[in-house]
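What follows is one structure encoded as structure tokens, with my remarks underneath.
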């Protein structure tokens with residue numbers, strides 16, 4: 001079967017879908033095309049997948065729009081939309097070209113253009129997510145970062161999903177409708193209608209690439225919504241870590257990982273020194289991963305090692321704890337490794353994951369980025385690496401998550417659903 005997977009976002013958004021793509025390709029039953037922002041081409045090519053560039057660079061976008069802690073996520077979304085507007089025509093054209101010949105389309109939440117192509121060409125599509133926020137539920141508010149995650153009951157929770165959908169339509173509806181008319185020859189979507197839940201007269205299946213142990217499927221979700229388990233991307237068999245990194249890991253006690261992923265900030269040097277001070281105060285060695293600019297690679301003490309990026313699947317079992325921003329991918333990797341997590345949420349869905357880490361008891365209470373100080377971080381790190389309860393719970397959760405097969409479950413669902421669709425056709 002010809003499958004196009006369309007993924008847009010940061011590495012935390014792209015990597016789980018890439019893991020799913022690799023799993024699908026390994027079956028030998030499918031031809032996979034992976035459409036993603038241009039800056040992910042080297043990563044996708046590393047796994048010998050057919051890569052289709054979408055004509056945007058999300059690394060450049062994140063750096064230029066300054067996605068920082070404390071910013072209203074809706075306001076940032078507006079700024080990002082303005083920044084990407086000159087590229088939208090090209091993005092939608094690339095979306096059409098990458099998906100029009102597919103027999104099945106899988107798309108991330110941001111890649112909504114794929115839904116309209118699926119409508120045009122009459123093929124099934126699946127929405128894929130690593131965050132449990134694409135379907136309304138009374139169980140918890142929408143984790144998209146627009147509305148505060150406060151406990152006001154099921155009515156408030158449902159309202160956050162409804163309003164988030166209306167905001168998405170308000171931001172994208174006019175452009176999408178023009179594209180539907182001019183390119184796809186489809187009728188416009190009525191004002192106020194959210195189209196992405198239904199297609200061809202059926203609910204759009206949702207694949208949740210996270211563990212049911214972390215977020216069980218709520219009772220008010222339909223059968224078309226699946227929680228499969230995480231989609232982890234492991235290094236290729238011939239991948240080798242940098243020799244200096246291995247030497248550092250073997251030269252003393254297990255270090256603490258610190259990295260803030262795609263969260264750039266205006267003062268990476270100041271943040272790096274804050275982290276360095278916290279590690280020194282807590283008596284821990286540290287491994288700092290600079291990511292997309294949240295930290296800076298500079299000369300530090302012998303107890304600290306810095307690098308730009310490394311496979312979490314390889315590294316996390318070799319550290320004592322992980323300090324990070326709370327992106328869904330990094331959070332899941334920490335869970336899988338069975339080690340404590342110290343979350344410093346910045347924006348978006350990160351407070352949602354930070355809250356869950358605390359609820360599961362696999363890490364101390366989170367420290368919001370704007371409240372981050374060296375003494376607070378040092379205290380949290382010390383608690384994470386010494387508290388027996390946290391260590392036991394983190395180890396147990398890791399064992400259970402490693403026993404799951406999220407990719408296998410997702411493939412089973414995909415193949416079962418598409419067979420059903422063909423029988424109905």
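A few notes on this one:
Residue-wise test of (1) under 24 Å from residue 416 (Cα atoms); (2) out of contact with any strand residue (DSSP E or B) (no Cβ under 7 Å at 6 or more places or on another chain).
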| position | (1), (2) |
| --- | --- |
| 3 | yes, no |
| 8 | no, no |
| 12 | no, yes |
| 17 | yes, no |
| 24 | yes, no |
| 29 | yes, yes |
| 32 | yes, no |
| 48 | no, yes |
| 51 | no, no |
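- Among the residues of region 328-348, none qualifies, meaning not one is on the phi > 0 side of the Ramachandran plot, free of Cβ contacts under 8 Å to residues at least 60 places away in the same chain and either touching a strand residue (DSSP E or B) at 6+ places or on another chain (Cβ under 8 Å) or in the same structural domain as residue 145 (by TED's automatic domain parsing) (or both).
- Taken over region 205-253, residues that are over 21 Å from residue 329 (Cα atoms) and touching a helix residue (DSSP H, G or I) at 6+ places or on another chain (Cβ under 7 Å) amount to 2.
- Among the conditions (1) in contact (Cβ under 8 Å) with a residue 24 or more places away in the chain; (2) touching a helix residue (DSSP H, G or I) at 6+ places or on another chain (Cβ under 8 Å); (3) surrounded by fewer than 19 Cβ atoms within 10 Å (Cβ to Cβ), the only one that residue 187 does not satisfy is (1).
- For region 353-367, the set of residues classified as surrounded by fewer than 18 Cβ atoms within 10 Å (Cβ to Cβ) and farther than 22 Å from residue 399 by Cα consists of 365 only.
- Residue that is under 30 Å from residue 212 (Cα atoms) and touching a residue at least 12 places away in the same chain (Cβ under 8 Å), where the choices are 318, 269, 285: 318
- Positions within region 2-54 being surrounded by fewer than 16 Cβ atoms within 10 Å (Cβ to Cβ) and part of a loop (DSSP other than H, G, I, E, B), in sequence order: 27, 28, 29, 48
- Residue 34 assigned by TED's automatic domain parsing to the domain that holds residue 409 and closer than 14 Å to residue 110 by Cβ: no
- Only one entry in 398, 389, 408 is touching a residue at least 40 places away in the same chain (Cβ under 8 Å) and either closer than 30 Å to residue 273 by Cβ or in the same structural domain as residue 269 (by TED's automatic domain parsing) (or both), namely 398.
The values are calculated or read from the model by the stated rules, or taken from the named source; none is laboratory data. Computed from a predicted structure; not experimentally measured. Ideal geometry is used to build each Cβ from the backbone, glycine not excepted, and the neighbour counts take in all protein chains shown.
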